[in-house]
Amino acid sequence: MTEAAAEPGDAYRDRVRALTRVRWARTASRLTRYVDLASARAARLVTAAGRRCSRLPPMVWDSLLPTLLLLNIITTHAPHELPVAVALTAALALPLLWRRRAPLTVFGAVAAAAFVQWLTDVQLPADVCLLVALYTAAAHSGRRGTLVAGAVVEAGALLACLRWATEGAFLTPFVAVTATVVAAAVLGVNVRTTRAYLAAVEERAARLEQQQEQQARLAVAEERTRITREMHDIVTHNLSVMVALTDAAVYAQHRSPDKATTAMLQISETGRQALTDMRRSLGILRTDEPDAERHPLPGIAQLEALADQMCAAGLPTRIEVQGGHTHIPATAQLTVYRLVQEALTNTLKHTPAGTRAKVRIRCSTGTVTVDVTDSGPRPAPPGATPSGHGIPGMRERSAAYGGTLRAGPLPGGGWGVHTRLLLDSSGAASA
(Lines give C-alpha, C1' and ligand atoms only; values in the text may rest on other atoms or scores of the structure.)
Protein backbone atom coordinates (compact mmCIF):
# COMPACT_ATOMS: atom_id res chain seq x y z
CA MET A 1 0.00 0.00 0.00
CA THR A 2 2.84 2.39 0.80
CA GLU A 3 4.72 1.64 -2.37
CA ALA A 4 1.56 2.11 -4.48
CA ALA A 5 0.99 5.49 -2.88
CA ALA A 6 4.59 6.54 -3.38
CA GLU A 7 4.63 5.90 -7.10
CA PRO A 8 2.16 8.67 -8.03
CA GLY A 9 4.15 11.14 -5.86
CA ASP A 10 7.45 10.31 -7.67
CA ALA A 11 5.81 10.73 -11.05
CA TYR A 12 4.49 14.15 -10.03
CA ARG A 13 7.92 15.29 -8.87
CA ASP A 14 9.51 14.11 -12.14
CA ARG A 15 6.93 16.01 -14.12
CA VAL A 16 7.54 19.17 -12.11
CA ARG A 17 11.27 18.86 -12.66
CA ALA A 18 10.80 18.41 -16.42
CA LEU A 19 8.56 21.47 -16.62
CA THR A 20 11.11 23.45 -14.61
CA ARG A 21 13.90 22.45 -17.00
CA VAL A 22 11.80 23.48 -20.01
CA ARG A 23 11.06 26.87 -18.44
CA TRP A 24 14.73 27.45 -17.62
CA ALA A 25 15.70 26.48 -21.18
CA ARG A 26 13.18 28.92 -22.62
CA THR A 27 14.36 31.65 -20.28
CA ALA A 28 18.00 31.02 -21.20
CA SER A 29 17.15 31.09 -24.92
CA ARG A 30 15.35 34.40 -24.51
CA LEU A 31 18.23 35.87 -22.52
CA THR A 32 20.72 34.72 -25.18
CA ARG A 33 18.62 36.29 -27.90
CA TYR A 34 18.36 39.54 -25.95
CA VAL A 35 22.12 39.56 -25.33
CA ASP A 36 22.80 39.00 -29.03
CA LEU A 37 20.48 41.82 -29.99
CA ALA A 38 22.05 44.12 -27.40
CA SER A 39 25.55 43.20 -28.61
CA ALA A 40 24.62 43.88 -32.23
CA ARG A 41 23.12 47.25 -31.31
CA ALA A 42 26.15 48.14 -29.23
CA ALA A 43 28.46 47.18 -32.10
CA ARG A 44 26.47 49.36 -34.47
CA LEU A 45 26.59 52.25 -32.03
CA VAL A 46 30.35 51.89 -31.56
CA THR A 47 30.88 51.73 -35.32
CA ALA A 48 28.74 54.80 -35.88
CA ALA A 49 30.54 56.64 -33.09
CA GLY A 50 33.90 55.67 -34.60
CA ARG A 51 32.85 56.97 -37.99
CA ARG A 52 31.63 60.22 -36.53
CA CYS A 53 34.79 60.64 -34.47
CA SER A 54 36.97 59.99 -37.50
CA ARG A 55 35.24 62.87 -39.28
CA LEU A 56 36.21 65.33 -36.55
CA PRO A 57 39.02 67.77 -37.45
CA PRO A 58 42.47 66.95 -36.00
CA MET A 59 42.48 70.09 -33.86
CA VAL A 60 39.56 68.70 -31.84
CA TRP A 61 41.68 65.71 -30.84
CA ASP A 62 44.71 67.92 -30.17
CA SER A 63 42.63 70.04 -27.80
CA LEU A 64 41.78 67.10 -25.52
CA LEU A 65 45.17 66.97 -23.75
CA PRO A 66 45.36 70.74 -22.98
CA THR A 67 41.79 70.67 -21.71
CA LEU A 68 42.44 67.73 -19.38
CA LEU A 69 45.66 69.28 -18.07
CA LEU A 70 43.98 72.60 -17.33
CA LEU A 71 41.10 70.86 -15.57
CA ASN A 72 43.58 68.86 -13.51
CA ILE A 73 45.40 72.02 -12.42
CA ILE A 74 42.19 73.80 -11.51
CA THR A 75 40.88 70.90 -9.43
CA THR A 76 44.11 69.88 -7.65
CA HIS A 77 45.95 73.10 -6.79
CA ALA A 78 45.32 75.59 -4.07
CA PRO A 79 43.80 78.97 -5.01
CA HIS A 80 47.00 80.91 -4.33
CA GLU A 81 48.96 78.57 -6.67
CA LEU A 82 46.46 78.67 -9.52
CA PRO A 83 47.67 81.79 -11.41
CA VAL A 84 51.24 80.52 -11.89
CA ALA A 85 50.21 76.89 -12.45
CA VAL A 86 47.47 77.76 -14.94
CA ALA A 87 49.75 80.16 -16.83
CA LEU A 88 52.58 77.62 -17.10
CA THR A 89 50.20 74.80 -18.02
CA ALA A 90 48.61 76.94 -20.72
CA ALA A 91 52.06 77.88 -22.05
CA LEU A 92 53.03 74.21 -22.16
CA ALA A 93 49.79 72.72 -23.50
CA LEU A 94 48.06 75.26 -25.73
CA PRO A 95 50.80 75.32 -28.44
CA LEU A 96 49.97 71.66 -29.11
CA LEU A 97 46.85 72.82 -30.92
CA TRP A 98 49.09 73.84 -33.86
CA ARG A 99 51.61 71.00 -33.62
CA ARG A 100 50.57 69.48 -36.99
CA ARG A 101 50.98 72.76 -38.86
CA ALA A 102 54.33 73.92 -37.42
CA PRO A 103 55.90 71.04 -35.43
CA LEU A 104 59.32 72.61 -34.87
CA THR A 105 57.88 76.00 -33.91
CA VAL A 106 55.49 74.39 -31.46
CA PHE A 107 58.33 72.34 -30.00
CA GLY A 108 60.38 75.50 -29.49
CA ALA A 109 57.47 77.21 -27.71
CA VAL A 110 56.87 74.21 -25.44
CA ALA A 111 60.60 73.89 -24.66
CA ALA A 112 60.78 77.60 -23.78
CA ALA A 113 57.76 77.29 -21.48
CA ALA A 114 59.35 74.24 -19.81
CA PHE A 115 62.56 76.19 -19.23
CA VAL A 116 60.58 79.00 -17.61
CA GLN A 117 58.87 76.39 -15.45
CA TRP A 118 62.29 75.03 -14.40
CA LEU A 119 63.44 78.54 -13.52
CA THR A 120 60.36 79.14 -11.35
CA ASP A 121 60.88 75.75 -9.64
CA VAL A 122 57.33 74.53 -10.28
CA GLN A 123 56.53 70.87 -11.03
CA LEU A 124 53.52 70.28 -13.26
CA PRO A 125 51.89 67.29 -14.99
CA ALA A 126 51.95 69.37 -18.18
CA ASP A 127 55.61 68.38 -18.65
CA VAL A 128 54.23 65.48 -20.71
CA CYS A 129 53.62 68.07 -23.44
CA LEU A 130 57.38 68.04 -24.08
CA LEU A 131 57.17 64.36 -25.05
CA VAL A 132 54.17 65.05 -27.32
CA ALA A 133 56.02 67.93 -28.97
CA LEU A 134 59.13 65.72 -29.39
CA TYR A 135 57.03 62.96 -30.96
CA THR A 136 55.43 65.46 -33.36
CA ALA A 137 58.80 66.94 -34.34
CA ALA A 138 60.22 63.46 -35.00
CA ALA A 139 57.14 62.45 -37.02
CA HIS A 140 57.06 65.55 -39.24
CA SER A 141 60.67 66.72 -39.57
CA GLY A 142 63.89 65.24 -40.80
CA ARG A 143 66.73 63.49 -39.01
CA ARG A 144 68.50 66.71 -38.04
CA GLY A 145 65.37 68.23 -36.49
CA THR A 146 64.70 65.01 -34.57
CA LEU A 147 68.24 64.91 -33.17
CA VAL A 148 68.12 68.58 -32.11
CA ALA A 149 64.70 68.18 -30.47
CA GLY A 150 65.80 64.99 -28.70
CA ALA A 151 68.96 66.68 -27.41
CA VAL A 152 66.93 69.62 -26.08
CA VAL A 153 64.49 67.35 -24.25
CA GLU A 154 67.32 65.23 -22.86
CA ALA A 155 69.04 68.35 -21.55
CA GLY A 156 65.77 69.40 -19.91
CA ALA A 157 65.45 65.92 -18.37
CA LEU A 158 68.96 66.24 -16.94
CA LEU A 159 68.20 69.67 -15.44
CA ALA A 160 64.90 68.45 -14.01
CA CYS A 161 66.51 65.42 -12.36
CA LEU A 162 69.32 67.56 -10.93
CA ARG A 163 66.82 69.92 -9.31
CA TRP A 164 63.89 67.71 -8.33
CA ALA A 165 65.36 64.25 -7.77
CA THR A 166 65.70 63.18 -4.17
CA GLU A 167 69.20 63.06 -2.75
CA GLY A 168 71.00 59.88 -3.69
CA ALA A 169 68.34 58.83 -6.20
CA PHE A 170 69.45 60.71 -9.32
CA LEU A 171 70.32 57.79 -11.62
CA THR A 172 67.01 55.90 -11.49
CA PRO A 173 64.70 58.80 -12.46
CA PHE A 174 67.19 60.05 -15.06
CA VAL A 175 67.33 56.65 -16.76
CA ALA A 176 63.54 56.39 -16.67
CA VAL A 177 63.05 59.85 -18.15
CA THR A 178 65.74 59.20 -20.77
CA ALA A 179 64.02 55.97 -21.80
CA THR A 180 60.74 57.86 -22.15
CA VAL A 181 62.40 60.52 -24.31
CA VAL A 182 64.00 57.89 -26.55
CA ALA A 183 60.69 56.02 -26.86
CA ALA A 184 58.84 59.20 -27.92
CA ALA A 185 61.52 60.03 -30.51
CA VAL A 186 61.64 56.48 -31.89
CA LEU A 187 57.85 56.33 -32.11
CA GLY A 188 57.79 59.58 -34.08
CA VAL A 189 60.54 58.37 -36.43
CA ASN A 190 58.65 55.12 -37.02
CA VAL A 191 55.48 57.04 -37.82
CA ARG A 192 57.39 59.26 -40.27
CA THR A 193 59.02 56.23 -41.91
CA THR A 194 55.70 54.41 -42.20
CA ARG A 195 54.04 57.48 -43.66
CA ALA A 196 56.85 57.89 -46.21
CA TYR A 197 56.66 54.20 -47.11
CA LEU A 198 52.90 54.34 -47.62
CA ALA A 199 53.27 57.49 -49.72
CA ALA A 200 55.90 55.75 -51.85
CA VAL A 201 53.68 52.69 -52.24
CA GLU A 202 50.71 54.85 -53.23
CA GLU A 203 52.84 56.79 -55.69
CA ARG A 204 54.18 53.57 -57.17
CA ALA A 205 50.67 52.14 -57.44
CA ALA A 206 49.46 55.32 -59.14
CA ARG A 207 52.45 55.25 -61.48
CA LEU A 208 51.85 51.58 -62.32
CA GLU A 209 48.18 52.27 -62.92
CA GLN A 210 49.11 55.15 -65.21
CA GLN A 211 51.60 52.95 -67.07
CA GLN A 212 48.98 50.22 -67.44
CA GLU A 213 46.52 52.75 -68.83
CA GLN A 214 49.17 54.01 -71.25
CA GLN A 215 50.01 50.47 -72.31
CA ALA A 216 46.33 49.73 -72.78
CA ARG A 217 45.93 52.84 -74.94
CA LEU A 218 49.02 51.91 -76.95
CA ALA A 219 47.71 48.38 -77.39
CA VAL A 220 44.37 49.73 -78.59
CA ALA A 221 46.13 52.08 -81.00
CA GLU A 222 48.35 49.29 -82.31
CA GLU A 223 45.38 46.96 -82.74
CA ARG A 224 43.46 49.70 -84.52
CA THR A 225 46.43 50.30 -86.82
CA ARG A 226 46.73 46.58 -87.53
CA ILE A 227 43.05 46.25 -88.36
CA THR A 228 43.19 49.36 -90.56
CA ARG A 229 46.21 48.00 -92.40
CA GLU A 230 44.57 44.59 -92.87
CA MET A 231 41.33 46.14 -94.10
CA HIS A 232 43.25 48.38 -96.49
CA ASP A 233 45.13 45.45 -97.98
CA ILE A 234 42.06 43.24 -98.25
CA VAL A 235 39.67 45.84 -99.62
CA THR A 236 42.14 47.55 -101.97
CA HIS A 237 43.40 44.31 -103.47
CA ASN A 238 40.05 42.61 -103.94
CA LEU A 239 38.29 45.71 -105.22
CA SER A 240 41.09 46.34 -107.70
CA VAL A 241 40.81 42.76 -108.94
CA MET A 242 37.02 42.97 -109.11
CA VAL A 243 37.16 46.27 -111.04
CA ALA A 244 39.62 44.78 -113.54
CA LEU A 245 37.53 41.64 -113.93
CA THR A 246 34.35 43.70 -114.35
CA ASP A 247 35.95 45.78 -117.10
CA ALA A 248 37.08 42.58 -118.82
CA ALA A 249 33.60 41.04 -118.51
CA VAL A 250 31.93 44.15 -119.94
CA TYR A 251 34.42 44.21 -122.81
CA ALA A 252 33.94 40.49 -123.60
CA GLN A 253 30.21 40.09 -122.99
CA HIS A 254 29.34 40.43 -126.73
CA ARG A 255 32.46 39.07 -128.41
CA SER A 256 33.16 36.15 -126.05
CA PRO A 257 30.30 35.33 -123.66
CA ASP A 258 32.25 32.39 -122.22
CA LYS A 259 35.10 34.64 -121.12
CA ALA A 260 32.63 37.12 -119.68
CA THR A 261 30.96 34.35 -117.70
CA THR A 262 34.35 33.19 -116.42
CA ALA A 263 35.21 36.75 -115.38
CA MET A 264 31.91 37.16 -113.56
CA LEU A 265 32.46 33.90 -111.69
CA GLN A 266 35.93 35.12 -110.79
CA ILE A 267 34.41 38.35 -109.49
CA SER A 268 32.04 36.35 -107.30
CA GLU A 269 34.89 34.22 -105.98
CA THR A 270 37.00 37.31 -105.28
CA GLY A 271 34.12 38.89 -103.34
CA ARG A 272 33.65 35.78 -101.23
CA GLN A 273 37.38 35.65 -100.58
CA ALA A 274 37.30 39.29 -99.47
CA LEU A 275 34.45 38.57 -97.06
CA THR A 276 36.33 35.56 -95.68
CA ASP A 277 39.48 37.62 -95.16
CA MET A 278 37.53 40.36 -93.42
CA ARG A 279 35.76 37.90 -91.12
CA ARG A 280 39.06 36.26 -90.32
CA SER A 281 40.79 39.56 -89.53
CA LEU A 282 37.90 40.88 -87.45
CA GLY A 283 37.15 37.48 -85.89
CA ILE A 284 40.23 37.80 -83.70
CA LEU A 285 38.29 40.38 -81.72
CA ARG A 286 35.46 37.93 -81.01
CA THR A 287 35.75 34.69 -79.10
CA ASP A 288 32.68 33.18 -80.77
CA GLU A 289 33.86 33.81 -84.36
CA PRO A 290 34.69 30.44 -85.99
CA ASP A 291 35.98 31.79 -89.30
CA ALA A 292 39.47 32.32 -87.89
CA GLU A 293 39.65 28.58 -87.17
CA ARG A 294 38.00 27.42 -90.42
CA HIS A 295 40.21 29.63 -92.62
CA PRO A 296 43.88 29.80 -91.58
CA LEU A 297 45.97 32.88 -92.22
CA PRO A 298 47.29 33.12 -95.80
CA GLY A 299 50.99 32.50 -96.23
CA ILE A 300 53.66 31.70 -98.78
CA ALA A 301 51.79 28.58 -99.93
CA GLN A 302 48.84 30.75 -101.02
CA LEU A 303 50.96 32.96 -103.30
CA GLU A 304 50.26 30.69 -106.26
CA ALA A 305 46.51 31.25 -105.83
CA LEU A 306 47.19 34.98 -105.57
CA ALA A 307 49.16 34.83 -108.83
CA ASP A 308 46.28 33.03 -110.53
CA GLN A 309 43.91 35.70 -109.31
CA MET A 310 46.13 38.45 -110.69
CA CYS A 311 46.45 36.61 -114.00
CA ALA A 312 42.67 36.43 -114.25
CA ALA A 313 42.51 40.18 -113.58
CA GLY A 314 44.91 40.87 -116.47
CA LEU A 315 48.32 40.93 -114.79
CA PRO A 316 50.44 37.87 -115.71
CA THR A 317 52.34 37.00 -112.55
CA ARG A 318 55.08 34.46 -111.96
CA ILE A 319 55.94 33.18 -108.47
CA GLU A 320 59.40 31.83 -107.60
CA VAL A 321 60.06 30.49 -104.10
CA GLN A 322 63.59 29.44 -103.16
CA GLY A 323 64.18 27.42 -99.99
CA GLY A 324 61.76 25.76 -97.64
CA HIS A 325 59.21 27.89 -95.85
CA THR A 326 57.68 25.39 -93.41
CA HIS A 327 59.83 26.68 -90.53
CA ILE A 328 58.70 30.30 -91.01
CA PRO A 329 56.12 31.47 -88.41
CA ALA A 330 52.57 32.04 -89.57
CA THR A 331 52.71 35.76 -88.77
CA ALA A 332 55.85 36.20 -90.88
CA GLN A 333 54.25 34.30 -93.75
CA LEU A 334 51.19 36.55 -93.46
CA THR A 335 53.50 39.57 -93.69
CA VAL A 336 55.13 38.17 -96.85
CA TYR A 337 51.71 37.48 -98.35
CA ARG A 338 50.42 41.00 -97.61
CA LEU A 339 53.59 42.61 -98.99
CA VAL A 340 53.30 40.68 -102.25
CA GLN A 341 49.56 41.33 -102.41
CA GLU A 342 49.97 45.08 -101.96
CA ALA A 343 52.81 45.30 -104.50
CA LEU A 344 50.85 43.37 -107.12
CA THR A 345 47.73 45.46 -106.45
CA ASN A 346 49.73 48.65 -107.03
CA THR A 347 51.07 47.17 -110.26
CA LEU A 348 47.55 46.25 -111.38
CA LYS A 349 46.23 49.74 -110.68
CA HIS A 350 49.09 51.86 -112.02
CA THR A 351 50.44 50.00 -115.08
CA PRO A 352 49.00 49.62 -118.56
CA ALA A 353 47.83 46.39 -120.14
CA GLY A 354 50.53 43.94 -121.12
CA THR A 355 52.60 44.47 -117.97
CA ARG A 356 54.10 41.38 -116.40
CA ALA A 357 55.02 40.88 -112.73
CA LYS A 358 57.51 38.58 -111.07
CA VAL A 359 57.68 37.61 -107.40
CA ARG A 360 60.80 36.05 -105.93
CA ILE A 361 60.85 34.74 -102.36
CA ARG A 362 64.13 33.52 -100.85
CA CYS A 363 63.79 31.68 -97.55
CA SER A 364 66.68 30.88 -95.22
CA THR A 365 67.06 29.95 -91.59
CA GLY A 366 66.88 33.48 -90.20
CA THR A 367 65.62 35.69 -93.05
CA VAL A 368 63.01 35.93 -95.79
CA THR A 369 63.80 38.13 -98.79
CA VAL A 370 60.94 39.46 -100.91
CA ASP A 371 61.38 40.94 -104.40
CA VAL A 372 58.41 42.03 -106.52
CA THR A 373 59.19 43.54 -109.93
CA ASP A 374 57.13 44.46 -112.97
CA SER A 375 57.85 45.53 -116.51
CA GLY A 376 55.38 48.37 -116.81
CA PRO A 377 56.36 52.03 -116.89
CA ARG A 378 54.99 54.05 -114.05
CA PRO A 379 56.32 57.61 -114.48
CA ALA A 380 55.61 60.05 -111.69
CA PRO A 381 55.06 63.77 -112.27
CA PRO A 382 57.93 65.99 -111.13
CA GLY A 383 57.56 66.97 -107.50
CA ALA A 384 54.66 64.58 -106.93
CA THR A 385 54.46 62.74 -103.65
CA PRO A 386 52.96 59.27 -103.31
CA SER A 387 49.47 59.23 -101.81
CA GLY A 388 47.51 56.53 -100.04
CA HIS A 389 48.47 54.03 -97.35
CA GLY A 390 49.88 51.24 -99.53
CA ILE A 391 53.62 51.84 -99.37
CA PRO A 392 53.56 53.24 -95.76
CA GLY A 393 51.68 50.12 -94.69
CA MET A 394 54.26 47.94 -96.44
CA ARG A 395 57.04 49.79 -94.63
CA GLU A 396 55.31 49.23 -91.27
CA ARG A 397 54.91 45.51 -91.95
CA SER A 398 58.53 45.20 -92.94
CA ALA A 399 59.76 47.23 -89.96
CA ALA A 400 57.87 44.91 -87.59
CA TYR A 401 60.42 42.23 -88.54
CA GLY A 402 63.47 44.49 -88.59
CA GLY A 403 63.41 45.03 -92.35
CA THR A 404 63.74 48.14 -94.52
CA LEU A 405 61.52 48.35 -97.56
CA ARG A 406 62.71 49.89 -100.83
CA ALA A 407 60.14 50.73 -103.47
CA GLY A 408 60.88 52.65 -106.66
CA PRO A 409 61.66 52.53 -110.38
CA LEU A 410 64.26 50.04 -111.60
CA PRO A 411 67.30 51.09 -113.67
CA GLY A 412 66.24 48.98 -116.64
CA GLY A 413 62.60 50.05 -116.50
CA GLY A 414 59.68 48.92 -114.46
CA TRP A 415 59.03 49.08 -110.72
CA GLY A 416 60.48 47.07 -107.89
CA VAL A 417 59.78 46.39 -104.24
CA HIS A 418 62.47 44.79 -102.05
CA THR A 419 62.67 43.95 -98.37
CA ARG A 420 64.25 41.39 -96.05
CA LEU A 421 62.49 40.14 -92.93
CA LEU A 422 64.47 38.96 -89.90
CA LEU A 423 63.11 35.91 -88.14
CA ASP A 424 65.17 36.17 -84.96
CA SER A 425 63.77 36.80 -81.47
CA SER A 426 63.89 40.59 -81.82
CA GLY A 427 61.91 40.53 -84.99
CA ALA A 428 59.32 38.19 -83.52
CA ALA A 429 59.02 40.40 -80.46
CA SER A 430 58.54 43.44 -82.63
CA ALA A 431 55.82 41.67 -84.57
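First check a/c for region 77-163, with a ≥ b ≥ c the square roots of the eigenvalues of its C-alpha gyration tensor; if it is under 1.5, answer rounded, and if not, answer prolate when a/b is larger than b/c or oblate otherwise.
Oblate is the answer for region 77-163, as a/c is 1.5 or above yet b/c matches or exceeds a/b.
Binned at 20 Å from 0, what are the whole-percent values of the Cα-Cα distance distribution for the chain, short to long?
Calculated over all Cα pairs of the chain, the distribution is 17, 24, 11, 18, 21, 8, 1, 0 percent.
What whole number of Å gives the distance from the Cα centroid of region 15-44 to the Cα centroid of region 315-375?
Using only Cα atoms, the two centres lie 89 Å from each other.
Rounded if a/c is under 1.5, else prolate if a/b beats b/c, else oblate: with a ≥ b ≥ c from the C-alpha gyration tensor eigenvalues square-rooted, which is region 123-278?
It is prolate, given that a/c is not under 1.5 and a/b is the larger ratio.
Between A399 and A216, what FRET efficiency comes out of the Förster formula 1/(1 + (r/R0)^6) with R0 = 22 Å and r the beta carbon distance, rounded to 0.05?
Here the calculated transfer efficiency is 0.45.
What nm distance separates the two modelled labels at A78 and A206, each placed 7 Å from Cα along Cα→Cβ?
If labels sit at A78 and A206, their model points lie 6.0 nm apart.
How many angstrom lie between the C-alpha centres of region 63-80 and region 207-252?
Using only Cα atoms, the two centres lie 81 Å from each other.
Using amide H atoms built in the peptide plane, which far-off residues or other-chain residues are under 5 Å from R356 H to H?
Amide H neighbours of R356, under 5 Å, 5+ apart: S375, G376.
Which residue, P298, P57, P329, tops the fluctuation ranking in a GNM of the chain built on C-alpha contacts under 10 Å?
P57
What are the ³J(HN,Hα) couplings of region 155-165, residue after residue, when phi is run through the Karplus curve with 6.51, -1.76, 1.60 and θ = phi - 60°? Round to Hz, x for glycine and proline.
Once rounded to whole Hz, the list reads 5, x, 4, 4, 5, 5, 5, 5, 8, 9, 6.
Expressed as a whole percentage, what fraction of the accessible surface of the chain belongs to carbon and sulfur atoms when a 1.4 Å probe is rolled over the protein heavy atoms?
C and S fraction of accessible area: 62 percent.
Taking the chain as the reference, fit the longest principal axis to its C-alpha atoms, fit the long axis of helix 128-140 to the helix C-alpha atoms, and give the angle between the two in degrees, 0 to 90, nearest 10.
10
Give me the percent of DSSP beta bridges within the chain that run antiparallel, rounded to the nearest 5.
75
Can you list the chymotrypsin sites (Phe, Trp or Tyr not before Pro) in region 145-230 that are in a DSSP coil and have 14 or fewer other beta carbons within 10 angstrom?
Here the sparse-neighbourhood loop sites are F170.
By how many nm would the segment from A176 to Q123 grow when fully extended, if each residue of separation counts as 0.36 nm and the alpha-carbon distance is taken off?
Answer, rounded to one decimal: 17.4 nm.
So what's the back-of-envelope 222 nm ellipticity for the chain, counting only DSSP H runs of four-plus at -39500 (n - 2.57) apiece and dividing by all residues, rounded to 500?
The helix-only estimate for the chain comes to -24000 deg cm²/dmol at 222 nm.
Skip the ligands, DNA and RNA, and give the accessible area per residue of the chain with a 1.4 Å probe, whole Å².
That works out to 62 Å² per residue.
If you plug each phi of region 80-97 into the Karplus form 6.51 cos²θ - 1.76 cosθ + 1.60 with θ = phi - 60°, what whole-Hz ³J(HN,Hα) values come out, in order, with x for Gly and Pro?
6, 8, 5, x, 5, 5, 5, 5, 5, 5, 5, 5, 7, 9, 4, x, 5, 4
Under the rule of at least 5 residues apart or a separate chain, name every residue whose amide H is placed under 5 Å from the amide H of T367.
Answer set, sorted by chain and number: L423.
Given the Cα-Cα distance of A42 and R272 and 0.36 nm per residue of separation, how much length would full extension add, in nm?
Gain on stretching A42 to R272: 75.5 nm.
The values are calculated or read from the model by the stated rules, or taken from the named source; none is laboratory data. None of the values given here were measured: they were computed from a predicted structure. Because the Cβ atoms are built from the backbone with ideal geometry, glycine has one as well, and the counts that use them run over all protein chains shown. The protein model used for the area step is the full one, side chains on, heavy atoms only, and it has no ligands, DNA or RNA in it. Shrake-Rupley method; radii C 1.70, N 1.55, O 1.52, S 1.80 Å.
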